[in-house]
1. List, please: which pairs have Cβ atoms under 6 Å, are six or more places apart or on different chains, and start with a residue in segment B:9-30 that is within 14 Å of another protein chain (Cβ to nearest Cβ) and end with one that is among the hydroxyl-bearing types (Ser, Thr, Tyr) and part of a strand (DSSP E or B)?
2. Inside segment C:30-65, can you point out the residues that are modelled with pLDDT under 90 and over 20 Å from C:GLY297 (Cα atoms)?
3. Got a sec? Which of B:ASP305, B:ASP282 is in a loop (DSSP other than H, G, I, E, B) and among the acidic types (Asp, Glu)?
4. Taking segment A:190-232 on its own, how many of its residues are more than 30 Å from C:GLU186 (Cα to Cα) and more than 12 Å from chain C (Cβ to nearest Cβ)?
5. Tally up the residues in segment B:79-126 that are closer than 22 Å to B:GLY30 by Cα and either charged (D, E, K, R) or in contact with a Lys or Arg (Cβ under 7 Å, 6 or more places away or on another chain) (or both), please.
6. Among C:PHE216, C:PHE222, which is the only one that is away from chain B (no Cβ under 11 Å) and either modelled with pLDDT of 85 or more or under 15 Å from the mean Cα position of the chain (by Cα) (or both)?
7. Report every pair of residues separated by at least 6 positions or lying on different chains whose Cβ atoms are under 6 Å apart, first residue within segment A:50-63 and under 20 Å from A:GLN303 (Cα atoms), second modelled with pLDDT under 85 and outside any helix (DSSP H, G or I).
8. Given the criteria within 18 Å of A:GLY128 (Cα to Cα), in contact with a helix residue (DSSP H, G or I) (Cβ under 8 Å, 6 or more places away or on another chain), crowded, with 21+ Cβ neighbours inside 10 Å and within 14 Å of chain C (Cβ to nearest Cβ), does A:LEU239 qualify?
Amino acid sequence: MFCTHFLILESPYRAIKLQSKNRHRLPFNTNELEITLRILRSSPIAFAGLIISLLFVVSTVVIGIGGSAILPYDPEAISPSSVLSPPSLIHLMGTDNLGRDVLSRVLAAIPIDAQVAFTVVAFAIALGIVTGTTAGYLGGVVEEVTMRITDIFLAFPGIILALAIAAALGPSTWNSVLALAPVWWPWYTRLARGQTLSIKSQEYVQASRASGQRARYIVLHHIVPNLMPVILAYATLDLGSVILAFSVLSFLGLGAQPPTSEWGLMTVQSEQYLINASWAPLAPGLAILIVAIGFSLLGDGLQRALDPTTRGLFS
Amino acid sequence: MERDSRKLLSVRHLETRYRVANHIVIALNGVDLDVSRAKIVAIVGESACGKTTLGLSIINLLPKPAAQIAGGEILFEGTDILSLDFDKMTKLRGTKIGMIFQDPMSSLDPVYTVGEQITEAIDVREGRMSPRPKGPFRRYEAMRDYRRSHGYSRLLGDGSSRIHEKRKYSEEATDALKRVQIADPERVLAKYPHELSGGMAQRVMIAQALIQKPSLLIADEPTSALDVTTQAEVLGLMRNLRDEIDSSIMFITHDLAVAAQVADRVAVMYAGEMVEIATVKDIFREPIHPYTEGLIRSFPRQYKDEGRLEAISGDVPDLRSPPPGCKFHPRCKYVLERCSKEPPKLLDAGPDHKAACPVRCSS
Amino acid sequence: MSGEVQLVTEQLLEARNLKKHFPLRSGISNPLRPRQRLQIRAVDGVSFAVGKKESLGLVGESGSGKTTLGRAVLMLEKPSSGQILFNGVDITVLRGEDLRQLRRKMQVVFQNPNSSLDPRQRMKDIISEPLRAFKGSLTSSIEETVSQVAAAVGLPEDGSMRFPHEFSGGQRQRIAIARALVLNPELIVLDEPTSALDASVQAQILNLLRRIQEQFGLSYLFITHNVNVVKYMADRIAVMYAGKLVEIGSTREVLEQPLHHYTIALISSVPDPDPETPLRNVSLKGEVPSALNPPSGCRFHPRCEHALDICRTTEPQLRQIKGRLVACHHDS
């Protein structure tokens, strides 16, 4: 069983290379990882999503660390002489109405969007897991109350709620995080509760109870680790949505403020030049589109990989 | 090898492979099997021994592209059915070769009554309904044929007002249910699958499979999901069918005792290979292959105070990296040096008794 | 309990008229007819006892309620009514910390070794988990105990860091058994422990269970539908049908001379791995009754060939016939 040296197939794409001795050391069946990667690789759409998301993450780290030093131009450097110049060899995506290099601005926006997105989603996951597992495991009144509160939040149209909070707090990047977080967490509560209910009925949880384990231990050590894959798959999908929502807030003036580079902000600032200097609003707009779709596709692929019914021939 | 025309089914050196993750698993490694007319042959084995794969290979219902038949031949009534094209095989399937599965509840369509499903089988046989409509509007055509033959006036949309109408099902449908010893056929015909018990549902499955009067019925663990009391009845039913209809049955099971009660001949499989084939009496009285012997000896039959069971040590091998030579040798108590070198073939061990063990066959 | 057969040893566990009902929530209950609350009567008045170092086999088919009974005994489900006496103490009233302490004496082994082990835990963590639940009150070191127990059930020494998916089915069940042993319980409830295992491995596990029973002086409540297995494992047998016990007695007596008509039908449908002994088919007409609406009187009467009028009206109680307990109105 352990004697074959394992590589992720005959393709040049090698994400992980596991030695035969160690490949079973991971706390999940490495088959799951293999299968997930195979599914993602097999569908070109999901694969594209994977690539885009990876590029996004990599560039976040690179640009975040390197700062504007590694960008072709300073994203905030105004240059009145080259206002609205079309894409050329000097400015690969042209310049905007203040002469700033569009490409540098698009790239500079990546870490900002990433920070906002990850923060919101991380918060939502944390709060969602805590409330969801408590509701699911304890049941009864606790569950009812928690789920009704969740329902109240879900009843509000998300963007409206975010707008209201952002307007109340005052427009800024970090205030928009505070505005988006309350909109996002209820979905995770629901998801976590559903997963908790199904994991709770698994025999190993029953065995834990029969061994005299306390509820807190069972939730922390059995339920949470087993619902993480589902939550993470959903969260990946969500990252794109948060980026989109943040861009919308910025577009409406309630998110990032000038002179910050942020795609939504850039789009609204260049909106009037759509006909004459289309590169200015199109570049950030396309960036939003590609990244949001990329994460959605990746998340969708992950969800399909996790669901045994859609795994099909790969498991 | 003589091609005995009396043999209904003759499998020779069948090799089927599965692609699992990135391994290639040899599910069937050169399997030989003969089934005569009007006989029940039990295929006995544990998980991953290949018995279900064998059944699916014969009727050609393997999950493609994950599974492929890599070699060998399957002679059914003299013709090699592996060489048949898709349409001819489809005609064969369901008519001359039938199959029933383990869980009757998931094999019956929950939105149609029992009567409608039996009638569907009859319609297919009579040619009123093509088993596989062709062309780009297949689904539409199939629906249209079905409704026309049943007198529905509207083409699309079910006459949902007909839900409470009492449909009259044909005599033949009623007879089909009587043949599987269902006491009150009219009542059962009007029921939906979820209203049936496991045993009843399995009988309906068998009735459906028998409509075409197949010469060979492949039954994949048909009683494993049933209670032991129901199981006994279904086994009796199978024996009656063999006598009345002259069908051969290939009864796939993991339970030795069930095989002993229902089969004429028993074929034992282990890790994708056929290890012993003999009449049911010979297998139990004089098992030759160490695996068969171990399996029979480890069947609990004694009381608690009557001494220990003799267990086979070790575990079933992982077919992704099987042991060399004889696949059973790591667990065998008669093992010799040669067992890890040469993969054994089915050898003669007596009249109508074959075993794949050179060590025991020579003694 | 009146009429209880004398146990050979001291009594460890006794169930008295145990009932477990599950309310069926059928949508919004009609406020005009509140009495229409349907219940699934999975266990409907069961009484039995298990002695020390004894093995009681609980035999029944699907729908008999045997799994629910096992879980109720373990207090994994709170019984709807009735008492469970463990070492003379009624445990149905225990809550919280008292209940937790009780769990050290009663453990469980489930049917499916794939779902009864957390796929994300290593073997040593799975086995040591019960010990870690009671950390403060343990004497010898956890690691020592784990390796002792693992050796006792035949698990490989180097396996402690491995995950369940790296083991075979039989080995996984051994891990489950080790986990049940590690707190040194007095009673283990085994719910179909070998039904999900391959035939060639089943005998190994059965032998193991017998060996550790002797070695550690355990009592077993062995739940199964397989009559052959229970023959090999149990000192006494209790036969369950539709939520009630119909016959209790020593294994030999019940299997060789079954008295209750259901037991007779059950025993005679068990196939023998011997083609020379064919099944004498006692065909049972009808089906297993629904737990929502069990038949009146004796639950078996719709399927019984010998049903009398009284069988339709009055529920038979377990009474002593020929040295064992049978719930039937007939006298033979």
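The values are calculated or read from the model by the stated rules, or taken from the named source; none is laboratory data. Nothing here was measured: the structure is a model prediction, and the numbers come from that model. Every residue, glycine as well, gets a Cβ built from its backbone with ideal geometry; the counts of neighbours run over all protein chains shown.
1. Sorted first by the residue in segment B:9-30, then by its partner, the pairs are B:VAL25/B:TYR18.
2. Selection gives C:ASN30, C:PRO31, C:LEU32, C:ARG33, C:PRO34, C:ARG35, C:GLN36, C:ARG37, C:GLU61, C:SER62.
3. On the way: B:ASP282 fails: in a loop (DSSP other than H, G, I, E, B).
Exactly one of B:ASP305, B:ASP282 is in a loop (DSSP other than H, G, I, E, B) and among the acidic types (Asp, Glu), namely B:ASP305.
4. Here is the first cut: in segment A:190-232, the residues more than 30 Å from C:GLU186 (Cα to Cα) are A:190-198, A:224-232.
Restricting the remaining residues to those that are more than 12 Å from chain C (Cβ to nearest Cβ) gives A:190-197, A:230-232.
Residues in segment A:190-232 being more than 30 Å from C:GLU186 (Cα to Cα) and more than 12 Å from chain C (Cβ to nearest Cβ): 11 in total.
5. Adding up the residues that qualify gives 1.
6. After applying the criteria, what remains is C:PHE216.
7. none
8. Working: within 18 Å of A:GLY128 (Cα to Cα): yes; in contact with a helix residue (DSSP H, G or I) (Cβ under 8 Å, 6 or more places away or on another chain): yes; crowded, with 21+ Cβ neighbours inside 10 Å: yes; within 14 Å of chain C (Cβ to nearest Cβ): no.
In short, no.
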